Amino acid sequence: MALYSDKVMDHFQNPRNVGKIDDADGVGEVGNAKCGDIMRMYIKVEDGIIADCKFNTFGCGSAIATSSMATELIKGKSVEEALQLSNKAVVEALDGLPPAKIHCSVLAEQAVRAAVKDYYDKNGIEYNAEEFQICDCEHCH
């Protein structure tokens, strides 16, 4: 049995939405240089909708694939819907990940949340800080 699904391989070999948005409304960076996975997510918001999103990820194939899938899942959605994106949804959309790579999907979820938090901060939008707690557990880093 293959270690990675066809969707994971596709998003790794042909990642969607790679790049930078110079005038991004929100930018989120998460990761840990020690384990090697660093994700930066950019969002462009128009009328409360994520009109565009891009990412730069330094890391393994799973980190790139989860970043790519996360951008696909939030593009065209409301900011509030993007906040609901879970790492489980990213894993399911990729038809699964090996257990040792689940942390990559957690980073993708956190990168989206960090970009939304930055958007809220830049625009003076109030939010519950507890919703934006970034996990710092051993499993995720």
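Considering the conditions (1) in a loop (DSSP other than H, G, I, E, B); (2) aliphatic (A, V, I, L, M); (3) in contact (Cβ under 8 Å) with a residue 60 or more places away in the chain; (4) more than 17 Å from Val91 (Cβ to Cβ), Val27 is excluded by exactly one of them, (1).
Does Ile43 qualify as being in a helix (DSSP H, G or I), touching a helix residue (DSSP H, G or I) at 6+ places or on another chain (Cβ under 7 Å) and of a type in the set (Val, Ile, Thr)? For Ile43, the condition - in a helix (DSSP H, G or I), touching a helix residue (DSSP H, G or I) at 6+ places or on another chain (Cβ under 7 Å) and of a type in the set (Val, Ile, Thr) - is not met.
With respect to Ile64, is the statement that it is in contact with a strand residue (DSSP E or B) (Cβ under 8 Å, 6 or more places away or on another chain), under 19 Å from Asn14 (Cβ atoms) and of a type outside the set (D, E, K, R) true? It is true that Ile64 is in contact with a strand residue (DSSP E or B) (Cβ under 8 Å, 6 or more places away or on another chain), under 19 Å from Asn14 (Cβ atoms) and of a type outside the set (D, E, K, R). For the stretch 1-12, the tally of residues that are loosely packed, with under 11 Cβ neighbours inside 10 Å and not in a loop (DSSP other than H, G, I, E, B) stands at 1.
Taking the listed residues Glu80, Glu92, the one that is assigned to a helix (DSSP H, G or I), of a type outside the set (A, V, I, L, M, F, W, C), without any contact (Cβ under 8 Å) to a residue 40 or more places away in the chain and farther than 29 Å from Asp121 by Cα is Glu92, with no other qualifying. Of the residues examined, Leu107 is not one that is of a type outside the set (D, E, K, R), part of a loop (DSSP other than H, G, I, E, B) and surrounded by 19 or more Cβ atoms within 10 Å (Cβ to Cβ).
Residues are listed down the side, and each one gets a yes or a no for (1) under 16 Å from the mean Cα position of the chain (by Cα); (2) modelled with pLDDT under 95; (3) among the polar types (S, T, N, Q); (4) on the phi < 0 side of the Ramachandran plot:
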site	(1), (2), (3), (4)
Lys75	yes, no, no, yes
Val79	yes, no, no, yes
Ile102	yes, yes, no, yes
Ala111	yes, no, no, yes
Tyr119	yes, no, no, yes
Tyr127	no, yes, no, yes
Glu138	no, yes, no, yes
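Selection within the stretch 47-62: residues that are of a type in the set (Gly, Ala, Ser) and not in a loop (DSSP other than H, G, I, E, B). The member of this set that is surrounded by the most Cβ atoms within 10 Å (Cβ to Cβ) is Ser62.
From the list Lys34, Lys88, pick out the single residue that is within 13 Å of the chain's Cα centre (by Cα), exposed (fewer than 14 other Cβ atoms within 10 Å of the Cβ) and not hydrophobic (A, V, I, L, M, F, W, C). Before you say what the answer is, go through the steps one by one.
Working: Lys34 fails: within 13 Å of the chain's Cα centre (by Cα).
After ruling out the rest, the residue left standing is Lys88.
The values are calculated or read from the model by the stated rules, or taken from the named source; none is laboratory data. For clarity, every value in this text was computed on a predicted model and none was experimentally measured. So basically every Cβ, Gly included, is an ideal-geometry build from the backbone, and we count neighbours across all protein chains shown.
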